[in-house]
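A short worksheet on the structure shown next.
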């Protein structure tokens, strides 16, 4: 009975995991399809090749976004689902606890992987593609007239194409990337804090030396510090995003 | 008789397979305003962009013929395009301020690209340019803030100042007043008159009345073809071609 309940809980959490993964994948794909349709109907003046280039880039962008967002969210939801089933069903507690015990490590792993590696990688890829396309000036033109006028204006002032790329794109890239780095920490705190609040009350864990989070979870001062850090990081991010608002990148 | 500074010779331009300009021949006189009029899509902007070689920057665009500046071809292989573009400053239809740069840096940008190092020289040039366009009093207290909050007309004046700071030899204005209000348009027209006492101005406009007000000479372009060019008063009073007359009297366009 004990094992059966545990197995049931595990299969329920797996189902939920699958469900949430497909939900986010579906949602992101829908966003992708809608924007694809939008681009197809609004950029009739573009040549087939330009449209294809833009389409490829955007597909890459949206699929990456869909993938990268789906995984941590699905894992997070799974964790919550397991915690919920854990409290709901007393039976099978130790088995579920065993699973829960490893979940923060898994979440941490995915979150770290996502924010510290995959997202920057994706951004670098997008910006490199943008820079390359701008350098060659063959693939895509920027969508709005005003933005293409920005480039023309830079050129008319005596900038060369590399200069335009560096001034308009690399500057934006730096600000944008900096903003994302800040966001990494911000999101990390936002995601990790509640997890460890829950975790610290749920189990006494030694996975990844998580004793520390017991202290964080229970100490209100530390929690307040966390909240303040989140606010500061968010403000920084908004500020950095505003710095790049003059030129909107269509990806990500 | 004013000296010819720029000669457009048999200029043809294509965008992909579409012909944009068809054998344009045109002289630009020094210290005069030349207006280029014509309906939308007639090739006015393309002509300007051929003069500062911005046209060829777009994929699929190509040019044939020549443009001579003081007798030498601007399409010669030895020609430094970047220097040329600084000599032929351009003001676009939309205000193109760079909001990530301050008002000061927006104007100083061209000078920095020219490798002007001295802060004093740059500061002086920026102030002079802003004074010329009548924007100094409005922006002197916020020189180091973003131009984002300036009005449309003020932004366009800023762009004009940015083009003047480079001490250009020719000023190209592509419907520069089409998006600004009446008051600023009047200021612009006055400025064009003042500036043209020293530098030739080539000004494209869809407004026949504006062309009549500000220009010494006017060229009429239709479907990429130069229909007629002459003294503004002659062209408006006695057009030689019936298409010019039709356009001026509002039968089309």
- Note on the structure: Of the residues in the range B:140-178 that are farther than 21 Å from residue B:108 by Cβ and over 15 Å from the mean Cα position of the chain (by Cα), the one that is nearest to the other protein chains (Cβ to nearest Cβ) is B:152
- Item | Of the criteria (1) without any contact (Cβ under 8 Å) to a residue 60 or more places away in the chain; (2) surrounded by 16 or more Cβ atoms within 10 Å (Cβ to Cβ); (3) not in a loop (DSSP other than H, G, I, E, B), which one residue B:239 fails | (3)
- Does any residue of the range B:106-125 turn out to be within 14 Å of another protein chain (Cβ to nearest Cβ), under 18 Å from the mean Cα position of the chain (by Cα) and assigned to a loop (DSSP other than H, G, I, E, B)? no
- Query: Could you list, in sequence order, the residues of the range B:211-226 that are surrounded by fewer than 20 Cβ atoms within 10 Å (Cβ to Cβ), closer than 18 Å to residue B:22 by Cβ and touching a strand residue (DSSP E or B) at 6+ places or on another chain (Cβ under 6 Å)?
  - Reply: B:225
- Can you tell me which residue among B:94, B:77, B:70 is in contact (Cβ under 8 Å) with a residue 60 or more places away in the chain and surrounded by fewer than 17 Cβ atoms within 10 Å (Cβ to Cβ)? B:70
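None of the figures in this text is laboratory data; all of them are computed from the coordinates on show. This is a predicted model, so every value here is computed, not measured. Glycine gets a Cβ as well: all are built from the backbone with ideal geometry, and neighbour counts include every protein chain shown.
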